[in-house]
Amino acid sequence: MIQYALTCENEHHFDSWFQSGDAFEKLHTAAMVTCAICGSSNIRKSVMAPRIGKSIASPKLTAEPERPLSAPATTAEQAFKELREKVEANSEDVGKNFATEARKMHHGETPERAIYGEAKPQEAKELIEEGVPVLPLPFMPSRKTN
């Protein structure tokens, strides 16, 4: 397999894989290589850096990754992780009953406490219109599995 960087007559850049250089030439001659953006078949190869593989004995291939994939990659991801942990540690997850529970607390039917959960967009809009103090969280709720 070979990957080519390609450019169409409209200067759209895209990559595509081919079985071989000959396969690319056959498809290109038959106008079967088209731009992924505009559909033009007037395509040319672009300048690209060669891929140089590493030997299997290379220490980089057997070394541990710099960080686990589950670890935050940026400071923003780290901040969201910490926020999520703080919310989960200091409040109650009411799940899909969030709108009902928030409304009950607002009307004094249940004691006030810190809660989090899920609300449909329409439910959140109604809570805001009713004056219920709610705030969207910048992360999805965790799914607990058995």
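The values are calculated or read from the model by the stated rules, or taken from the named source; none is laboratory data. Values in this document were obtained by computation on a predicted structure and should not be read as measured data. Every residue, glycine among them, receives a Cβ derived from its backbone with ideal geometry; neighbour counts consider all protein chains shown. The protein model used for the area step is the full one, side chains on, heavy atoms only, and it has no ligands, DNA or RNA in it. Shrake-Rupley method; radii C 1.70, N 1.55, O 1.52, S 1.80 Å.
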### Summary
With label points set 7 Å from each Cα along the Cα-to-Cβ direction at Ser70 and Glu126, the distance between them in nm comes to 3.8
### Query
Under a 5 Å amide H to amide H cut-off, with H placed in plane at 1.01 Å, what residues pair with Ile115 once short-range neighbours are removed?
Glu92
### Query
Label 7 Å along Cα→Cβ of Asn42; region 1-28 residues with amide nitrogen under 14 Å?
7-12
### Query
When ligands, DNA and RNA are left out and all protein chains stay put, how many square angstrom of accessible area per residue does region 75-146 have with a 1.4 Å probe?
77
### Summary
Expressed as a percent, the accessible surface of region 3-47 that is carbon or sulfur, using a 1.4 Å probe and the full set of protein chains, is 51
### Message
What does the extension gain come out to for Gln78 and Ser20, with contour length at 0.36 nm per residue minus their alpha carbon separation?
### Response
16.6 nm
### Query
Along region 96-111, what does the Karplus equation 6.51 cos²θ - 1.76 cosθ + 1.60 (θ = phi - 60°) give for ³J(HN,Hα), rounded to whole Hz, x for Gly and Pro?
6, 8, 4, 4, 5, 5, 5, 5, 4, 5, 4, 8, x, 7, 9, x
### Task
Pop out the ³J(HN,Hα) list for region 19-35 in order, Karplus 6.51 cos²θ - 1.76 cosθ + 1.60 with θ = phi - 60°, rounded to Hz; leave Gly and Pro as x.
4, 6, x, 5, 4, 4, 4, 4, 5, 5, 4, 7, 6, 9, 9, 10, 5
